[in-house]
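Peer 1: Can you read through this structure? Questions will come right after.
The values are calculated or read from the model by the stated rules, or taken from the named source; none is laboratory data. Computed from a predicted structure; not experimentally measured. A quick note on method: Cβ atoms are made from the backbone with ideal geometry, for glycine too, and the neighbour counts reach across all protein chains shown. Each accessible area value is taken on the protein alone, full model and side chains, heavy atoms only, with ligands, DNA and RNA left out. Shrake-Rupley method; radii C 1.70, N 1.55, O 1.52, S 1.80 Å.
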Amino acid sequence: MDWQYFTELFLGGLTRGSIYALIAIGYTMVYGIIELINFAHGEVYMLGAFVGLIIAGVLGIMGFPAPAILVIAAVVAIIYCAGYGYTMEKIAYKPLRGAGRLSPLISAIGMSLFLQNYIILAQTSDFLPFPRLIPDFDFIEPIAHVFGSSDFVIVVTSAFSMAGLTAFIKYTKMGKAMRATAQNRKMAMLLGVDSDKVISITFILGSSLAALGGVLIASHVGMVNFAIGFLAGIKAFTAAVLGGIGSIPGAMLGGLFLGLSESFATGYISSDYEDVFAFTLLVVFLIFRPSGIMGKAKVEKV
């Protein structure tokens, strides 16, 4: 076995899986709280990339250094997309909270199409170059041929973001309220939990992580387009299902599992079947383990 090639595929899959995990957390948090698949979530990731591009362009003209541009662009994109997530929940989902499952799903698809066309009209339908804002680190130089500086920043930033979210949900008062709402929303409301506030915070957190992933991957790849959110969103949804929809640790694990699986499949089989392999994996899991890797099967009382 060519261990250098194996290591390259492993590290590449780790980078890809980290981005999938960041987006998948948004899917699984929303589903865990209100049992809604937010299919517009991938477009929030795309929106974050475009906001980062605009901020990077303005700060670049002003002469800011690249690392500062990356940090500021990421912060602005997070704030902007958090506001979008909050607004989207209030406009597209809250009025339909008591409706059947089909109505919110159609609304989510409508929001996805709206955001795509909004970017086409406000920006362009063409691919746009995104500046490489991550500098080359000296300590990465010995392994730069298999794991570059941008890969390192993506993996480390994703790890810290996911660790911070885990600590927030486990130790803060709002985190406890989110867990209570996910377990039994009606009972949580009877005990004084403001479920509307919890749902809004859930959308804000998920949108923030998606925006961060959008800026990081745009700087890594060097290109953005209005359609990047669709495929990334579907892949992240796949990762959430693989890990166990509704489970935040499962979303993290599912993202890494999907990223590594795709990387090894494209490296050892063929890159032509990259998307086919991902969705085949989804179908297999839905047939043989629909609850996912860390999900628990629901027991319905009769």
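Peer 1: Could you look at the chain and say what percent of its accessible area is carbon and sulfur, using a 1.4 Å probe and all protein chains? Please report the intermediate quantities before stating the final value.
Peer 2: On the way: 10140 of 14850 Å².
Percent of accessible area from carbon and sulfur atoms in the chain: 68.
Peer 1: Ok, one more. Among residues other than Ser149 whose Cβ falls under 13 Å from its Cβ, what is the net charge (Lys/Arg +1, Asp/Glu -1)? Before the final figure, lay out each step's value.
Peer 2: Values: positive: Arg132; negative: Asp136, Asp138, Glu141, Asp151.
Residues near Ser149 contribute -3 overall.
Peer 1: State whether segment 60-208 is rounded, prolate or oblate according to the following rule on the C-alpha gyration tensor (a ≥ b ≥ c being the square roots of its eigenvalues): a/c under 1.5 gives rounded; otherwise a/b larger than b/c gives prolate, and the remaining case gives oblate. Working shown, then result.
Peer 2: Details: a/c = 2.66, a/b = 1.52, b/c = 1.75.
Note, shape of segment 60-208 comes out oblate.
Peer 1: Hey, another quick one. Taking the chain as the reference, fit the longest principal axis to its C-alpha atoms, fit the long axis of helix 248-268 to the helix C-alpha atoms, and give the angle between the two in degrees, 0 to 90, nearest 10.
Peer 2: The angle comes out at about 40 degrees.
Peer 1: Quote the FRET efficiency, to the nearest 0.05, computed for Ile269 versus Val221 with a Förster distance R0 of 30 Å and r equal to the Cβ-Cβ distance. Could you put the intermediate results ahead of the total?
Peer 2: Numbers: r = 23 Å, r/R0 = 0.75.
It comes out at approximately 0.85.
Peer 1: Also, I was wondering about something else. Tell me the per residue accessible area of the chain using a 1.4 Å probe; a whole number in Å² is fine.
Peer 2: Numbers: 14850 Å² over 302 residues.
I get 49 Å² per residue for this part.
Peer 1: Tyr118 to Ile72: extension gain in nm, 0.36 nm per residue of separation minus the Cα-Cα distance?
Peer 2: Numbers: separation 46, 0.36 × 46 = 16.56 nm, distance 2.36 nm.
Between Tyr118 and Ile72, full extension yields an extra 14.2 nm.
Peer 1: If each residue of separation counts as 0.36 nm, what is the full-extension length gain between Phe127 and Ser103 once their alpha-carbon separation is subtracted?
Peer 2: On the way: separation 24, 0.36 × 24 = 8.64 nm, distance 3.31 nm.
Gain on extension, Phe127 to Ser103, equals 5.3 nm.
Peer 1: Out of residues 5 or more away from Val224 or on other chains, whose amide H comes under 5 Å of its own, with H placed 1.01 Å from N in the peptide plane?
Peer 2: Leu128, Phe130
Peer 1: What angle do you read, to the nearest 10 degrees and between 0 and 90, between the alpha-carbon axis of helix 173-183 and the longest principal axis of the chain?
Peer 2: Helix 173-183 sits at roughly 60 degrees to that axis.
Peer 1: Relative to the longest principal axis of the C-alpha atoms of the chain, give the angle of the C-alpha long axis of helix 274-288, reported between 0 and 90° and rounded to the nearest 10°.
Peer 2: The angle comes out at about 30 degrees.
Peer 1: Mind ordering 15-25, 281-291 by average Cβ neighbours within 10 Å, highest first?
Peer 2: On the way: 15-25: 28.5, 281-291: 13.7.
Per-residue mean Cβ counts within 10 Å order the peptides as 15-25, 281-291.
Peer 1: Ordering Leu11, Leu105 by how much accessible area each has at a 1.4 Å probe, largest first, what is the list? Could the numbers behind the result be given before it?
Peer 2: Values: Leu11 30, Leu105 60 Å².
Output order, biggest surface exposure first: Leu105, Leu11.
Peer 1: Could you work out the helix-only [θ] at 222 nm for the chain, with each DSSP H run of four or more residues adding -39,500 (n - 2.57) and the total divided by the number of residues, to the nearest 500 deg cm²/dmol? Write out the running numbers ahead of the final one.
Peer 2: Values: 11 runs with 216 residues, N = 302.
Counting only the DSSP helices, I get -24500 deg cm²/dmol.
Peer 1: Now for a different question. From the square roots a ≥ b ≥ c of the eigenvalues of the alpha-carbon gyration tensor of segment 1-133, which class results: rounded (a/c under 1.5), prolate (a/b over b/c), or oblate? Mind dumping the intermediate values first?
Peer 2: Values: a/c = 2.25, a/b = 1.30, b/c = 1.73.
The shape class here is oblate.
Peer 1: Let's test the formula: R0 of 41 Å, r as the Cβ-Cβ distance of Lys94 and Asp2. What FRET efficiency results, to the nearest 0.05? Kindly include the intermediate steps, with their values, before the conclusion.
Peer 2: Working: r = 54 Å, r/R0 = 1.31.
Approximately 0.15, to the nearest 0.05.
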